[in-house]
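The values are calculated or read from the model by the stated rules, or taken from the named source; none is laboratory data. Model, not experiment: these values are computed from the prediction. Note that we place each Cβ from the backbone using ideal geometry, even for glycine, and neighbour counts take in every protein chain shown. Only protein heavy atoms, including side chains, enter the accessible area calculation; ligands, DNA and RNA are left aside. Shrake-Rupley method; radii C 1.70, N 1.55, O 1.52, S 1.80 Å.
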Amino acid sequence: MTGKVWFVGAGPGDPELLTVKGRRLLEEAGAILYAGSLVDRAATLFAPPGCEIRDSKDMTLEEMSAWLLDQTARHATVVRLQTGDPGLYGALVEMTRPLTAAGIEWTVVPGRSTVRSAVPGVSSAFASAAAAGETLTLPEVTQTVILTRVAGRTPMPPGEELEALAAHRSTLCIFLSITLLHEVQRALRAAGWAEDAPILVVQKASWPGEEKIVRGTLADIKQRCQAEKIASQAMIVASPALGAADWPTLARSKLYDPAFAHRFRK
Ligand code: SAH
């Protein structure tokens, strides 16, 4: 057997937010290793009968790589199902490197697997904005989105401290940081954000029946999250564009402005 491992972005939790390609790969899979802490088991809903399904939450990276390699000896399609998009905080490279290394070694044994592909997914950053009916960019307000986190056990590289990134006053989607809201508040204050700057927190964005949306300000977002008992699986969005749906006036997007001609509209 010459199996292939596919790294598939599962989307934020709602199984309907899987890509069509991701769903097809699940339907063909002989084995699926899914990220149990965040991917709703419903995401494995599409696995065929007899498919070997394993939750990775108690496994080390080495065990995961070994499991995936082992499955390629028995199945043509092996899926590693990751939350959101595999390219964001997904340990993708750590997982693919040992596989690739093994694949190169195996080229001397023709017919063993190589591992090179990933399938993108809807990131929770986008699912969170969508859940709250918010836009991450807005003409003449912010045209930039920064996807980041604050330092936990993983330190931030120099120059990427939240305080420095927040100085841009653009949209910040802050992953993996809900237990560090005090640090988010400290950084935004240090960067000069006002106490009444709007902050959005979405827990389990898109999860049917479990999604929670909390709106607050820099001053009170922590208390509001505590009141809602939100301590995990949440996205923090800080952006000058939050709440724009209710603003009395907006700068128009040039793309749809009648006074602005472009390639498709003279
Ligand atoms: N690759 C994933 C992110 C994995 S890191 C993606 O693209 O979404 C895990 C972090 O993602 C969590 O700490 C949380 O900040 C965020 N997250 C993942 N799923 C989420 C969801 N459904 N709702 C809100 N935040 C989520």
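What pairs come out if I take residues in the stretch 144-157 that are over 13 Å from V237 (Cβ atoms) and pair them with residues that are part of a loop (DSSP other than H, G, I, E, B) and more than 13 Å from the ligand (Cβ to nearest atom) whose C-beta lies under 6 Å away, six or more apart or interchain?
Pairs that qualify, where the first residue is over 13 Å from V237 (Cβ atoms) and the partner is part of a loop (DSSP other than H, G, I, E, B) and more than 13 Å from the ligand (Cβ to nearest atom), are T144/S170.
Please verify whether the stretch 99-115 includes one or more residues that are among the charged types (D, E, K, R), farther than 22 Å from A234 by Cβ and at pLDDT 75 or above. Step through it out loud before you land on a result.
Of the residues in the stretch 99-115, the ones among the charged types (D, E, K, R) are 105, 112.
Checking the rest, the ones that are also farther than 22 Å from A234 by Cβ come to 105, 112.
Next cut, at pLDDT 75 or above only: none.
No, that holds for no residue.
Which of the following residues is touching a strand residue (DSSP E or B) at 6+ places or on another chain (Cβ under 6 Å) and within 13 Å of V119 (Cβ to Cβ): R80, R54? Can you show your working first?
Numbers: R54 fails: within 13 Å of V119 (Cβ to Cβ).
Just a single option satisfies the conditions, and that option is R80.
Which ones in the stretch 168-192 are part of a loop (DSSP other than H, G, I, E, B) and either at pLDDT below 95 or surrounded by fewer than 14 Cβ atoms within 10 Å (Cβ to Cβ) (or both)? Don't jump to the end; show me each part of the working.
Kept after step one, since they are part of a loop (DSSP other than H, G, I, E, B), are these residues of the stretch 168-192: 168-170, 176-177, 191-192.
Selection gives H168, G192.
When you check K204 against the structure, is it at pLDDT 95 or above, surrounded by fewer than 18 Cβ atoms within 10 Å (Cβ to Cβ) and within 16 Å of the ligand (Cβ to nearest atom), yes or no?
Values: at pLDDT 95 or above: yes; surrounded by fewer than 18 Cβ atoms within 10 Å (Cβ to Cβ): no; within 16 Å of the ligand (Cβ to nearest atom): yes.
Here the answer is no, as K204 does not meet what is asked.
Filter the stretch 1-53 down to the residues that are modelled with pLDDT under 85, away from the ligand (no atom under 13 Å from the Cβ) and either touching a Phe, Trp or Tyr at 6+ places or on another chain (Cβ under 8 Å) or part of a helix (DSSP H, G or I) (or both) and list them by number.
Listed by number, the residues that qualify are R41, T44.
Can you give me the number of residues within the stretch 193-228 that are within 20 Å of the chain's Cα centre (by Cα) and assigned to a loop (DSSP other than H, G, I, E, B)?
Summing the residues that are within 20 Å of the chain's Cα centre (by Cα) and assigned to a loop (DSSP other than H, G, I, E, B) in the stretch 193-228 gives 8.
Among the residues that make up the stretch 153-164, is at least one of them open to solvent by 60 Å² or more (accessible area, probe 1.4 Å), more than 15 Å from the chain's Cα centre (by Cα), of a type in the set (V, I, T) and away from the ligand (no atom under 16 Å from the Cβ)? Working first, answer last.
Initial filter on the stretch 153-164 (open to solvent by 60 Å² or more (accessible area, probe 1.4 Å)): 153-155, 157-158, 160-161, 163.
After this cut, where a residue has to be more than 15 Å from the chain's Cα centre (by Cα) as well, the list is 153-155, 157-158, 160-161, 163.
Next, only the ones that are of a type in the set (V, I, T) stay: 154.
Cutting the leftovers down to away from the ligand (no atom under 16 Å from the Cβ) gives us none.
Scanning the stretch 153-164 turns up no residue that is open to solvent by 60 Å² or more (accessible area, probe 1.4 Å), more than 15 Å from the chain's Cα centre (by Cα), of a type in the set (V, I, T) and away from the ligand (no atom under 16 Å from the Cβ).
Take the stretch 208-249 and flag every residue that is free of Cβ contacts under 8 Å to residues at least 12 places away in the same chain, open to solvent by less than 50 Å² (accessible area, probe 1.4 Å) and within 16 Å of the ligand (Cβ to nearest atom).
Once the filter is applied, which keeps residues that are free of Cβ contacts under 8 Å to residues at least 12 places away in the same chain, open to solvent by less than 50 Å² (accessible area, probe 1.4 Å) and within 16 Å of the ligand (Cβ to nearest atom), the stretch 208-249 yields nothing.
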